[in-house]
Amino acid sequence: MHLTRLTAGITLLAFTLACGDGDDGDSTSAGPSGGSLKVITVEDLPADPERSGDLTYFSLRDNAVVDGAEGATDKWDLAFQSVTILTNSGSSGPGDGAGLVLTGVNFDELDELPSDGWNADANGAPALAQGAWYTYTGAEGRPPHAILLNPGVVLGIRTADGRYAKMEISSYYKGGAAVPGEGDQSRYYNFRYVFQPDGSRSFD
């Protein structure tokens, strides 16, 4: 096994152990059917920190990393590689996924995703447009060459099986720093999301 593959495997194992089954530390809110919907927090999900070109496949339905060998199936909902987030749709996968980027909204107060505006992935044009959810500071920015999350952005996700989730990214750096310090490792996603299992777009 190549060293990069071994390192990636160790990283994914560490993520899996940290993430667990999504029960610890998750808050709940009332769902439309009177049940409760979990706010699930994911920490340090690797998005090709070794720069190998590999995707990290993730199931919002199961709150779990999906093996890369399943990339051509509908078992995953999102795939991460650097600042690219793919949905299981269109040019990226065989699922019924889609995505949209909502701006100027509050994650906790967002009770329903819109019925229109959804996009499938196309070659060179992911449904979750990269520049809409982050700002790249460039060489002259403070800090330079950083990925900073745009405020008030919520990602709407249609899962591979046609159900819905809302998602908010909090950091692109290992350990969850919103503004990276010197030496902070990039390409690690920290985010929270709510998955609606009943097929509706409502989280109220």
*How about Lys38: which lysines have a C-alpha closer than 19 Å to its C-alpha, ignoring those fewer than 8 places off in the same chain?*
Lys166
*Amide H neighbours of Ser92 under 5 Å, at least 5 residues apart or on other chains, H built in the peptide plane: list them.*
Asp121
*Name the long-range amide H neighbours of Leu110: under 5 Å, sequence gap of 5 or more, or other chain; modelled H, no Pro or chain starts.*
none
_5 Å is the cut-off here: which amide hydrogens, built 1.01 Å from N in the peptide plane, fall below it relative to Asn150, excluding neighbours closer than 5 in sequence?_
Tyr134, Thr135
_Least to most buried among Ser171, Ser115 (fewest other Cβ within 10 Å first)_ = Ser115, Ser171
_Rounded to whole Hz, the Karplus (6.51, -1.76, 1.60) HN-Hα couplings of the stretch 87-93, x for glycine and proline_ = 9, 7, 7, x, 6, 9, x
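Each reported figure results from applying straightforward, stated rules to the coordinates on display, with no laboratory input. In this text, all values refer to a predicted model and were calculated from it rather than measured experimentally. Counting neighbours? That spans all protein chains shown, and the Cβs are built from the backbone with ideal geometry, glycine included.
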